[in-house]
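Q: One structure, as structure tokens, below. Some questions next.
The values are calculated or read from the model by the stated rules, or taken from the named source; none is laboratory data. It should be emphasised that the depicted structure is a prediction, and the values quoted were computed from it without experimental measurement. Every residue, glycine as well, gets a Cβ built from its backbone with ideal geometry; the counts of neighbours run over all protein chains shown. Quick note on the areas: whole protein, heavy atoms, side chains included, nothing else; ligands and nucleic acids left out. Shrake-Rupley method; radii C 1.70, N 1.55, O 1.52, S 1.80 Å.
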Amino acid sequence: ACPSGKYSPSPGAFFCELCSAGKYSTWEGATSSMICQNCMPGKHSVSPGSSRESDCMSCPAGTYSSMFGAIRCMMCDAGKYSTRTGSTTPETCLSCGPGTYLADFGGQSQGDCMQCPHGTYSTWWGATSIEMCIACAPGKYAAELGLTKETDCLPCPAGTYSLEWEGWLSSSCRGCIA
């Protein structure tokens, strides 16, 4: 008789087949693959021949699985992250907020969202690249990271000017020549 996690493909067979990855079986002496149960959504199993439901592992943070019998979990899209384990839907992936971006897939926390650099800002939710951070216009500067609106770019002080895009210090502004 076949041990749990395996089944005999035909009566009297001398070998046992493994339940496929994404499935498990607690039954001993099984005679059909129909006895192999699917891992539930939010879980996955990469190993064939699993003999316990606990062999189905929860999808880690930054991933989800909406399928029964998954062999891997899907990563959250770029620009999104999820702190939850065992997620069953992409809706658990949250967008990085304005002033940030995330180029990688599978973000696991809000801290994975990178702040737009000095001299830039972004109004986008779910930005996927640094290119989505907009440069402050000439005559303005921004010394802080992660700014979220154009008005966060400060004008050069009176009597100074700047021709640079992405100025990030007030020293980017030069004195006017009389």
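Q: Can you pull out the residues in region 123-137 that are assigned to a loop (DSSP other than H, G, I, E, B) and either among the β-branched types (V, I, T) or more than 17 Å from L154 (Cβ to Cβ) (or both)?
A: T123, W124, W125, G126, A127, T128, S129
Q: Within region 70-86, is even one residue crowded, with 19+ Cβ neighbours inside 10 Å, touching a Lys or Arg at 6+ places or on another chain (Cβ under 8 Å) and not hydrophobic (A, V, I, L, M, F, W, C)?
A: Checked against the condition, which is being crowded, with 19+ Cβ neighbours inside 10 Å, touching a Lys or Arg at 6+ places or on another chain (Cβ under 8 Å) and not hydrophobic (A, V, I, L, M, F, W, C), region 70-86 yields no hits at all.
Q: Determine which member of the set S65, S45, S58, S50 is buried (at least 20 other Cβ atoms within 10 Å of the Cβ), of a type outside the set (V, I, T), within 18 Å of P90 (Cβ to Cβ) and within 28 Å of the chain's Cα centre (by Cα).
A: Just a single option satisfies the conditions, and that option is S65.
Q: May I pose another question? Give me the pairs: first residue in region 98-126 and farther than 17 Å from M75 by Cβ, second residue open to solvent by 20 Å² or more (accessible area, probe 1.4 Å) and assigned to a helix (DSSP H, G or I), beta-carbon distance under 6 Å, and six or more apart or on different chains, which are they?
A: Y121/D152; S122/M132; W124/M132
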